[in-house]
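After the structure tokens below, expect a handful of questions from me.
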Amino acid sequence: MRLHHPTAEIFIPDQAPIAEALKRVTHLGIGAHQDDLEFMAFHGILNCFDSNEKWFGGVTCSDGAGSSRTGPFAAFSDAEMMAIRRQEQNTAAVMGQYAAMIQLDFPSRIIKSPTDTSLKQDLLEILTATQPEIVYTHNPADKHDTHIGVMVATLQALRELPENQRPKQVIGCEVWRDLDWLPDDKKVIMDVSGRDDLAAAINGVFESQIVGGKRYDLAILGRRAANATFFDSHSTDSTTQVIFGIDLTPLVADPTTDIADFICSLIGLFQADVRNKITTRLG
């Protein structure tokens, strides 16, 4: 596999041959930063955990140089932080029994560039080698520019695949902005109840961020619990941990569909629902 950065790494937790490990991937997560996969694509990780037929593969696109750092990590250089974050991500891959963990080592400025196609090309290489059934990535309403860059590059790469190699489903997931606002019939409901222990253990691996001033480990489990409780106001809870997603498969099936128009049409449905509820009450 030809990747752009010589520092890119393909880590195979069970030490299987690389080509074999990539070929067995059925669920592929493509995230911007170390820890994004564990926060947004836990549904895929959980579905593949302890399975011999289904395997989760992870792709982290950025190098981690811009990470927040305080406490014991306050004096760490960018290079030291990058090394720490890479190791944390590989540790999560071992704990989550990933088929493969690929870290592409792109600077955020490249990921966010509207003209640089190197990330898309790397993702196309990976997607060709893995041919997963399900792909998880960031959602188009995310507020983090690097996340948007990864989402766009992912969709562009998927659109370039031959139709018979495209995944059955592509899901845009929650990280920076949740998807509670999405109309219920447009939500992809990902039930991850019953394995809070595994989720907490994997999330807790990213000590450099948690100790460094961001309690992602608590926030992510809290969001999933809130999604489960607040999803339906008229019934008792049947789940305890839920991740919401947007079905991005139509954007891959029809490459001519404008990504911005697609997400803005969903935001328009939310706006219309809010207006209808208010105006109905006002009479």
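For the pairs LYS143/LYS168; LYS120/LYS143; LYS54/LYS214; LYS23/LYS143, note any where the Cα-Cα span goes beyond 29 Å. Walk me through the numbers on the way to the answer.
On the way: LYS143/LYS168 26 Å; LYS120/LYS143 20 Å; LYS54/LYS214 32 Å; LYS23/LYS143 33 Å.
Too far apart for the 29 Å limit: LYS54/LYS214; LYS23/LYS143.
What's the extension gain from ALA74 to ILE278 if we count 0.36 nm per residue and subtract their Cα-Cα distance?
Roughly 68.6 nm would be gained on extension.
If you don't mind, another one. State the antiparallel share, in %, of DSSP beta bridges confined to the chain, rounding to the nearest 5.
Numbers: 12 of 30 bridges.
Approximately 40 percent, going by the DSSP bridge assignments.
Now for a different question. May I ask you to work out the translational diffusion coefficient for region 182-234 at 25 °C, viscosity 0.890 mPa s, via Stokes-Einstein with Rh from the Kirkwood sum over Cα pairs, reported in whole µm²/s?
Answer, rounded: 194 µm²/s.
Additional query: Any chance you could list the semi-axes, whole Å, largest first, of the equivalent ellipsoid that the Cα gyration tensor gives for region 109-208, using √(5λ)?
Each semi-axis is the square root of five times an eigenvalue, giving 25, 18, 16 Å.
Hey, another quick one. Could you tell me the center-to-center distance, by alpha carbons, between region 89-121 and region 224-283 in angstrom?
When both Cα centres are located, 28 Å separates them.
Sticking with this one: If packing is taken as the average count of other Cβ atoms within 10 Å, what order do 70-83, 115-128 fall into, highest mean first?
Working: 70-83: 13.0, 115-128: 18.4.
Those peptides, ordered most packed to least, come out 115-128, 70-83.
Given only helices, namely DSSP H runs of n ≥ 4 each adding -39500 (n - 2.57), what is the per-residue ellipticity at 222 nm of the chain, to the nearest 500 deg cm²/dmol?
Helix contribution divided over all residues of the chain: -13000 deg cm²/dmol.
Given N residues in region 226-279, what is Rg(Cα) / (2.2 N^0.38 Å)?
Ratio of Rg to 2.2 N^0.38 Å for region 226-279: 1.52.
Putting +1 on Lys and Arg Cβ atoms and -1 on Asp and Glu Cβ atoms, find which of ASN203, SER233, PHE76 reaches farthest to the positive end of the dipole of the chain.
Working it through, the farthest residue towards the positive pole turns out to be SER233.
As a test of the definition: which semi-axes, in Å, follow for region 53-183 when you take the square root of five times each eigenvalue of its alpha carbon gyration tensor? Largest first, please.
Working through the eigenvalues yields semi-axes of 25, 18, 16 Å.
The numbers here are math on the coordinates, done by the rules we state, and not lab data. In this text, all values refer to a predicted model and were calculated from it rather than measured experimentally. Neighbour counts are summed over all protein chains in view; Cβ atoms, including those assigned to glycine, are modelled from backbone coordinates with ideal geometry.
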